[in-house]
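Asker: This is the structure I have questions about; it appears just below.
The values are calculated or read from the model by the stated rules, or taken from the named source; none is laboratory data. On a predicted model such as this, the values are computed, not experimentally measured, just so you know. Cβ placement follows ideal geometry from the backbone for every residue including glycine, while neighbour counts extend to all protein chains displayed.
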Amino acid sequence: MNINIRKADENDFPAVLSLIKELAEYEKAPEKVTNTVELMKREKDLFICYVAETDHGEIAGMALFFFAYYTWVGKSLYLDDLYVKKEFRKNKIGKSLLNKVFEIARKEECKRVRWQVLNWNQPAIEVYKKCNAEIEDEWLNCSFDSDGIRNFSFSE
């Protein structure tokens, strides 16, 4: 099977959103996905996505990321989602997508590449360990959804 790694365009957004929903299902949080194709089109300048496409034109996987600025190191790349459909795993598609992400990080002179993995996702953790990722256990995520943002008030 031949796989082509290419930059996604708006025509790919339905397939990308489908992959995002599959990933959310795998991560046991399908109800958390509120994104839409229309929203992705409006916000397309805020993210970059590469897809793995089969020689039959099927999108088998994707890597979606954006650039961030971390005060301790400077310009960085944040990999928000890396996902390969179950039936295409074990074909080194994830490896190819990660190689593309790191190629871009080098080209853009990023000082850090960062992503998250759930602490129970042992298959992913093992892959990341094999590529020498530093997997931290000190930092906890803090986040607010749109309701939390709208209702935020920090008073003592």
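Asker: Is one or more of the residues making up the range 75-97 charged (D, E, K, R), farther than 19 Å from residue 47 by Cβ and touching a Phe, Trp or Tyr at 6+ places or on another chain (Cβ under 8 Å)?
Answerer: Filtering the range 75-97 for residues charged (D, E, K, R) gives 75, 80-81, 85-87, 89-90, 92, 95.
Among the residues that remain, those that are also farther than 19 Å from residue 47 by Cβ are: 85-87, 89-90, 92, 95.
Among the residues that remain, those that are also touching a Phe, Trp or Tyr at 6+ places or on another chain (Cβ under 8 Å) are: none.
Within the range 75-97, none of the residues are charged (D, E, K, R), farther than 19 Å from residue 47 by Cβ and touching a Phe, Trp or Tyr at 6+ places or on another chain (Cβ under 8 Å).
Asker: Scan the range 83-108 and report the pairs whose first residue is closer than 14 Å to residue 4 by Cα and free of Cβ contacts under 8 Å to residues at least 40 places away in the same chain and whose second residue is of a type outside the set (Gly, Ala, Ser) and crowded, with 20+ Cβ neighbours inside 10 Å, with Cβ atoms within less than 7 Å and a gap of 6+ or a chain change.
Answerer: Listed pairs, sorted by first residue: 84/93; 94/82; 94/84; 98/82.
Asker: Here is a follow-up. Just for the range 121-153: of the residues that are within 19 Å of the chain's Cα centre (by Cα) and among the aliphatic types (A, V, I, L, M), which one is nearest to residue 95 (Cα to Cα)?
Answerer: Only one residue tops the list, namely 127.
Asker: In the set 138, 134, 109, which member is of a type outside the set (Phe, Trp, Tyr) and at pLDDT 95 or above?
Answerer: Working: 138 fails: at pLDDT 95 or above; 134 fails: at pLDDT 95 or above.
Among 138, 134, 109, only 109 is of a type outside the set (Phe, Trp, Tyr) and at pLDDT 95 or above.
Asker: Name the single residue that is nearest to the chain's Cα centre (by Cα) among those in the range 38-95 being hydroxyl-bearing (Ser, Thr, Tyr) and under 15 Å from residue 110 (Cα atoms). Please lay out each step first, then the result.
Answerer: The first filter runs over the range 38-95 and keeps only residues hydroxyl-bearing (Ser, Thr, Tyr), leaving 50, 54, 69-71, 76, 78, 83.
With the extra rule that they be under 15 Å from residue 110 (Cα atoms), the set shrinks to 69-71, 76, 78.
Numbers: 69: 17, 70: 18, 71: 22, 76: 14, 78: 8 Å.
Of everything passing the filter in the range 38-95, 78 is nearest to the chain's Cα centre (by Cα).
Asker: I want to confirm something. Restricting to the range 25-78 and keeping residues that are acidic (Asp, Glu) and in contact with a strand residue (DSSP E or B) (Cβ under 8 Å, 6 or more places away or on another chain), which single residue is modelled with the highest pLDDT? Walk me through it before giving the result.
Answerer: Taking the range 25-78 as the starting set, the residues that turn out to be acidic (Asp, Glu) are 25, 27, 31, 38, 43, 45, 53, 55, 58.
Still in the running and in contact with a strand residue (DSSP E or B) (Cβ under 8 Å, 6 or more places away or on another chain): 53, 55.
Working: 53: 98, 55: 94.
Checked the range 25-78; the qualifying residue modelled with the highest pLDDT is 53.
Asker: Any residue in the range 118-141 that is of a type in the set (S, T, N, Q), touching a residue at least 24 places away in the same chain (Cβ under 8 Å) and surrounded by fewer than 14 Cβ atoms within 10 Å (Cβ to Cβ)?
Answerer: yes
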